[in-house]
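Here is the structure we will look at, set down as structure tokens.
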Amino acid sequence: LGQTCSQIVLADAVPNQSNHSVYALQPESPADFEAFWEQEQQTVSYPVTGIIWLASPTGDVTQLTALESAIHSLCQPLLFLMQSLVLQPALSQAKLWVMTHNAVSLGTDLPTLAQAPLRGMGRTFGLEHPQQWGGMVDLENSMTLADQAKILVSEVLENNTEEQVAYRRGSRYVARLT
């Protein structure tokens, strides 16, 4: 695709890799997110044009305390990313895309409750910062990583009109009232 990517891992340490485009950020530390952008701008000569947030699949969480913990672990780092993103003048045109897993209810399928708040955060970010908003893509947990990657590339590079997209059983759905 001709694009260069950096991978951010939410962990205490970077997995053992020789690739210098992998960074570890502590998910509880807003300062880590701000420092990442500053470091990225000093070391990279190309403009950042897009950010894809890949939410970890959570599965069905039935216990209330486990649900609260899952929501917190998904939403807090995304909030820190959003806050740090809008503070960087050099990123004023970079588009944020949020990918979730089964956060959207289609037909009789129930959503994954822990993923649903990410959609609300995305919609709010899109209203407050439309110049930095790309959209949301909701995928099935059962999709292979290769299929997920194909869909994300297609949506991020080719979709210029839809901000809310969901894929189920090989079909693409967009937000409509009727």
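Here are the numbers for the structure shown:
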| item | result |
| --- | --- |
| Only one of Leu85, Leu81 that is closer than 27 Å to Leu139 by Cβ, at pLDDT 90 or above and in contact with a Leu (Cβ under 6 Å, 6 or more places away or on another chain) | Leu85 |
| Filtered residue count, region 91-117, keeping only those that are buried (at least 19 other Cβ atoms within 10 Å of the Cβ) and closer than 26 Å to Thr4 by Cα | 7 |
| Candidate set: region 22-57, residues that are part of a loop (DSSP other than H, G, I, E, B) and touching a Leu at 6+ places or on another chain (Cβ under 8 Å); chosen: the one nearest to Val98 (Cα to Cα) | Ala55 |
| The listed residue being open to solvent by less than 20 Å² (accessible area, probe 1.4 Å) and under 17 Å from Met82 (Cα atoms), out of Met121, Met136 | Met136 |
| Residue in region 116-129 that is hydrophobic (A, V, I, L, M, F, W, C), assigned to a helix (DSSP H, G or I) and free of Cβ contacts under 8 Å to residues at least 12 places away in the same chain present | yes |
| Ile51, sole failed condition from (1) among the β-branched types (Val, Ile, Thr); (2) closer than 17 Å to Val156 by Cβ; (3) open to solvent by 40 Å² or more (accessible area, probe 1.4 Å) | (3) |
| Enumeration of residues in region 1-48 that are out of contact with any helix residue (DSSP H, G or I) (no Cβ under 6 Å at 6 or more places or on another chain), at pLDDT 85 or above and of a type in the set (S, T, N, Q) | Ser29 |
| Some residue of region 58-67 being open to solvent by 60 Å² or more (accessible area, probe 1.4 Å), more than 27 Å from Tyr46 (Cβ to Cβ), part of a helix (DSSP H, G or I) and acidic (Asp, Glu) | no |
| Residue list for region 130-151, filter: in a helix (DSSP H, G or I), touching a strand residue (DSSP E or B) at 6+ places or on another chain (Cβ under 8 Å) and under 16 Å from Glu163 (Cβ atoms) | Gln132, Ile151 |
| Selection from region 80-90 of residues that are surrounded by 15 or more Cβ atoms within 10 Å (Cβ to Cβ) and out of contact with any His (no Cβ under 6 Å at 6 or more places or on another chain) | Phe80, Leu81, Met82, Ser84, Leu85, Gln88 |
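The values are calculated or read from the model by the stated rules, or taken from the named source; none is laboratory data. All values derive from a computational prediction rather than experimental measurement. Cβ sites come from the backbone with ideal geometry, for glycine too, and all protein chains shown count toward neighbours. Each accessible area value is taken on the protein alone, full model and side chains, heavy atoms only, with ligands, DNA and RNA left out. Shrake-Rupley method; radii C 1.70, N 1.55, O 1.52, S 1.80 Å.
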